[in-house]
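Each remark here refers to the structure printed beneath this line.
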Amino acid sequence: MPQRTFSIIKPDAVRNGYTGAILAEIEKAGFQIISIRKQSISKAQAEGFYYVHKERPFFDSLTTFMSSGPLVLMVLEKDNAIADLRALMGATNPANAEEGTIRKKFAGSIQENAIHGSDGAETAAFEIGYWFAGYELI
Ligand code: ATP
Ligand code: MG
């Protein structure tokens, strides 16, 4: 059954000119792009998005990074989209990312790690609704 997930091409990857290459990996893996938008976000918007991490020591640094330049927000769809995107992304720390994953190919550090993907169905629902209106998802 088709499932939707939420993804971000993070500011490091956009800055490094990897937007097209990452989109190609995503499409090659069988995802449909339901909605996509390039924009910059504020620190407050980043803090709201990552509120589950607000007690983590890297919260300030992470939200500063995420608001440091344009990024690409996407809603993606395929069978098993949430788990399959996590597998395609690779480990959070690119040093541990499996060969062939997006983070192995395009990420520079544990913080500046090129891509975000929702980690579960509830998270995906929150994240899609945080960035996209219903009329953008038809
Ligand atoms: P994401 O949520 O972005 O898809 P993830 O689920 O693999 O990545 P999380 O543990 O949810 O990783 O962390 C969220 C993000 O916070 C990471 O993607 C990374 O950008 C940043 N981050 C995680 N751990 C660290 C750390 N130890 N130092 C700095 N930044 C970190
Ligand atoms: Mg996460």
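Whole number in Å², please: accessible area per residue of the chain, 1.4 Å probe, ligands, DNA and RNA not counted.
Values: 6880 Å² over 138 residues.
Here the per-residue accessible area is 50 Å².
With unit charges on the beta carbons (Lys and Arg positive, Asp and Glu negative) and the dipole taken about the Cα centre of the chain, which residue among I115, A13, L85 sits farthest to the positive side?
Of I115, A13, L85, it is A13.
Apply the a/c threshold of 1.5 to the C-alpha gyration tensor of the stretch 51-138 and tell me whether it is rounded, prolate or oblate.
oblate
For the stretch 1-85, treating each Cα as an identical point scatterer without solvent, what Debye log10 I(q)/I(0) comes out at q = 0.11, 0.20, 0.23 1/Å?
Reported log10 I(q)/I(0), two decimals: -0.33, -0.96, -1.10.
Leaving out ligands, DNA and RNA, what percent of the accessible area of the chain is carbon and sulfur, probe 1.4 Å? If you can, show how the numbers build up before the last one.
Values: 3630 of 6880 Å².
Carbon-and-sulfur percentage of accessible area, whole number: 53.
The values are calculated or read from the model by the stated rules, or taken from the named source; none is laboratory data. In this text, all values refer to a predicted model and were calculated from it rather than measured experimentally. Cβ atoms come from the backbone with ideal geometry, glycine included; neighbour counts cover every protein chain shown. Side chains included, ligands, DNA and RNA excluded: accessible areas come from the protein's heavy atoms. Shrake-Rupley method; radii C 1.70, N 1.55, O 1.52, S 1.80 Å.
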